[in-house]
Amino acid sequence: MMSSPMVLSLLLFVSLTALLLLAPRLSPPPPPVAAGDQEEVPAAGVGVGGAGSGGPWGVGVGEEADDLALFRRATLDAGAGAAVSAAPSKVAFLFLTNSDLTFGPLWERFFAGHEGRFSVYVHADPAAQLLLPPTPSFRGRFVAAKPTRRADPSLIAAERRLLAAALLDDAANVYFALLSQHCVPLQSFARLYGALFPPRAAHHHRLPSYIEVLTGEPQMPSRYVARGEDAMLPEVPYDRFRIGSQFFTLARRHAALVVGERRLWRKFRVPCLPEMQQDSCYPEEHYFPTLLDMADSAGVARYTLTRVNWTGSVAGHPHTYTAPEVSPRLIAQLRASNHTHPYMFARKFAPDCLGPLLAIADTVLFKD
Ligand SMILES: *[C@@H]1O[C@H](CO)[C@@H](O)[C@H](O)[C@H]1NC(C)=O
Ligand SMILES: *[C@@H]1O[C@H](CO)[C@@H](O)[C@H](O)[C@H]1NC(C)=O
């Protein structure tokens, strides 16, 4: 039997929850954004094994109640992961996509024989109508997703959603590698794993995050004022504002920090001014490096494991490799870095590269 105070609190809880759930629906939909070329920037919605997917007002900046509940649960749960050391550490591969995962077969080859040491999560655009499931490791690994667009904080929201889902799903997930459908592996799984978990590093709480953190880049002043002259103040003064590649590999404590964070997210989720959207609006390239540099400067490598070629970039898109360019020599060039670790992943690769990459998978890509 329930006592009446309990019934009362239950009622209160239910009505508050209803309010929270309804609230976003009551506000008008956001104005349309100049979407630009979306191909790189993934999207949303196949809610498999998770909460409901996005509502029709969509392109939300993702502070809706279901997201908030997810982030809260992930934050509360995150501590547990640090304590669990018995299970072998896993690398969580977070795929952000709005098209078919063409390189699924290549990733399967990369994963083969390493079961128990990796997890896969996919945030996919409901509009993409993926041909699912692509391959065994991806089957059933789709998290609740919402639409995303370029020049819009919905990409940050999607990345936070992926991190939260992976944090909650498995306490053994120690690293979280963000990838897109255009990313390919450059090394064997064993080599990646050996680099992330060097034998001497017994203490997981000190593992670094691999994220690019740059300052003083020429585009910084206009990126900083993308939401208005003083819009980032007081939380983010210009000299703390950072830029870095969207693609990172975060350590668990940093993934948890991102998911639980509200202060900077409240700033970065503000849409850019219309006149800034074309050239200066890339919130996802700023939120993560700015936040992590502020929160734990010494804990980040300031280097990303994902190689990208910006030479001759067009409209904010890096060079996209096509089949004729794939060769052992290219792989060697893409691996080379100035950091202790070589590059582990690369982008962007066009779908027609799958065949040529599979052809050199055993002899070059995954040969240790
Ligand atoms: C980078 O892209 C340019 C074309 O935009 C190409 O000429 C160059 O070879 C590429 N670099 C590497 C390392 O692949
Ligand atoms: C390594 O550093 C040199 C000198 O700064 C630079 O020219 C080169 O492009 C860098 N290589 C990579 C892969 O970043």
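Among the numbered conditions (1) in contact (Cβ under 8 Å) with a residue 40 or more places away in the chain; (2) away from ligand 2 (no atom under 16 Å from the Cβ); (3) under 16 Å from PRO185 (Cα atoms), tell me where HIS317 comes up short.
With respect to (1) in contact (Cβ under 8 Å) with a residue 40 or more places away in the chain; (2) away from ligand 2 (no atom under 16 Å from the Cβ); (3) under 16 Å from PRO185 (Cα atoms), HIS317 is out only on (3).
Please verify whether segment 215-225 includes one or more residues that are farther than 30 Å from ALA166 by Cα and either in contact with a Pro (Cβ under 8 Å, 6 or more places away or on another chain) or of a type in the set (A, V, I, L, M, F, W, C) (or both).
yes
Condition test on ARG329, is it within 16 Å of ligand 2 (Cβ to nearest atom), modelled with pLDDT of 95 or more and closer than 23 Å to GLN219 by Cα? Write out each step before concluding.
Values: within 16 Å of ligand 2 (Cβ to nearest atom): yes; modelled with pLDDT of 95 or more: yes; closer than 23 Å to GLN219 by Cα: no.
No: the conditions fail for ARG329.
Among the residues of segment 290-308, write down those that are outside any loop (DSSP other than H, G, I, E, B), in contact with a Ser or Thr (Cβ under 9 Å, 6 or more places away or on another chain) and more than 16 Å from ligand 1 (Cβ to nearest atom). Write out each step before concluding.
At the first step, the residues of segment 290-308 found to be outside any loop (DSSP other than H, G, I, E, B) are 290-300, 306-308.
Retained after the next criterion (residues that are in contact with a Ser or Thr (Cβ under 9 Å, 6 or more places away or on another chain)): 292-293, 296, 299-300, 306-308.
Passing the criteria: LEU292, ASP293, ASP296, GLY299, VAL300.
Those residues that are surrounded by fewer than 16 Cβ atoms within 10 Å (Cβ to Cβ) and basic (Lys, Arg), I need them from segment 99-152; list them, please.
ARG139
Here's a check for you: in segment 264-280, which residue that is outside any loop (DSSP other than H, G, I, E, B), under 19 Å from the mean Cα position of the chain (by Cα) and charged (D, E, K, R) is surrounded by the fewest Cβ atoms within 10 Å (Cβ to Cβ)?
ARG266
Which count do you get for residues in segment 309-358 that are assigned to a loop (DSSP other than H, G, I, E, B), surrounded by 14 or more Cβ atoms within 10 Å (Cβ to Cβ) and near ligand 1 (Cβ under 10 Å from one of its atoms)? Give the steps one after another, and end with the answer.
First, pick out the residues of segment 309-358 that are assigned to a loop (DSSP other than H, G, I, E, B): 309-313, 315-316, 318-320, 322, 326-327, 336-344, 348, 350.
Filter once more, so that each one left must be surrounded by 14 or more Cβ atoms within 10 Å (Cβ to Cβ): 309, 316, 318-320, 326, 337, 341-344, 348, 350.
Cutting the leftovers down to near ligand 1 (Cβ under 10 Å from one of its atoms) gives us 309, 318-320.
Qualifying residue count, segment 309-358: 4.
If THR102 satisfies all but one of (1) assigned to a helix (DSSP H, G or I); (2) modelled with pLDDT of 85 or more, what's the number of the condition it fails?
Status for THR102: all satisfied but (1).
ALA92: touching a Leu at 6+ places or on another chain (Cβ under 6 Å), crowded, with 22+ Cβ neighbours inside 10 Å, more than 19 Å from CYS353 (Cβ to Cβ) and of a type in the set (A, V, I, L, M), yes or no?
The answer is no for ALA92.
Determine whether segment 145-155 contains at least one residue that is in contact (Cβ under 8 Å) with a residue 60 or more places away in the chain and under 25 Å from LEU330 (Cβ atoms).
No, segment 145-155 has no match at all.
Assuming ASN338 fulfils every condition listed in (1) within 16 Å of ligand 2 (Cβ to nearest atom); (2) within 20 Å of ALA190 (Cα to Cα); (3) more than 19 Å from the chain's Cα centre (by Cα) apart from one, which condition is it?
(2)
Residues are listed down the side, and each one gets a yes or a no for (1) assigned to a loop (DSSP other than H, G, I, E, B); (2) under 30 Å from ASP368 (Cβ atoms):
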residue: ARG191; (1), (2): no, yes
residue: PRO218; (1), (2): yes, no
residue: ASP230; (1), (2): yes, no
residue: VAL236; (1), (2): yes, no
residue: SER245; (1), (2): yes, yes
residue: ARG253; (1), (2): no, yes
residue: TYR282; (1), (2): yes, no
residue: GLU285; (1), (2): no, no
residue: PHE288; (1), (2): no, no
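Residues in segment 286-294: is at least one of a type in the set (Ser, Thr, Tyr), modelled with pLDDT of 95 or more and either closer than 17 Å to ARG149 by Cα or in contact with a His (Cβ under 7 Å, 6 or more places away or on another chain) (or both)? Even if it seems obvious, please write down each step before you answer.
Taking segment 286-294 and keeping what is of a type in the set (Ser, Thr, Tyr), we get 287, 290.
Checking the rest, the ones that are also modelled with pLDDT of 95 or more come to 287, 290.
Keeping just the survivors that are either closer than 17 Å to ARG149 by Cα or in contact with a His (Cβ under 7 Å, 6 or more places away or on another chain) (or both) gives 287.
Checking segment 286-294: at least one residue is of a type in the set (Ser, Thr, Tyr), modelled with pLDDT of 95 or more and either closer than 17 Å to ARG149 by Cα or in contact with a His (Cβ under 7 Å, 6 or more places away or on another chain) (or both).
Cβ contacts < 6 Å: first residue in contact (Cβ under 8 Å) with a residue 40 or more places away in the chain, restricted to segment 229-244; second residue assigned to a loop (DSSP other than H, G, I, E, B) and buried (at least 19 other Cβ atoms within 10 Å of the Cβ), any location; separation 6+ or different chain. Result?
From residues that are in contact (Cβ under 8 Å) with a residue 40 or more places away in the chain, the pairs are ARG242/VAL213; GLY244/ILE211; GLY244/GLU212; GLY244/VAL213.
Between residues in segment 332-361 that are farther than 19 Å from LEU101 by Cα and aromatic (Phe, Trp, Tyr) and residues that are within 13 Å of ligand 2 (Cβ to nearest atom) and in a helix (DSSP H, G or I), which pairs lie under 9 Å by C-beta distance while being six or more apart or on different chains?
From segment 332-361, the pairs are TYR343/LEU334; TYR343/ARG335.
The values are calculated or read from the model by the stated rules, or taken from the named source; none is laboratory data. Predicted model, so just to flag it, every value in this text is computed and none were measured. Glycine also receives a Cβ, built like all others from the backbone with ideal geometry; neighbour counts cover every protein chain displayed.
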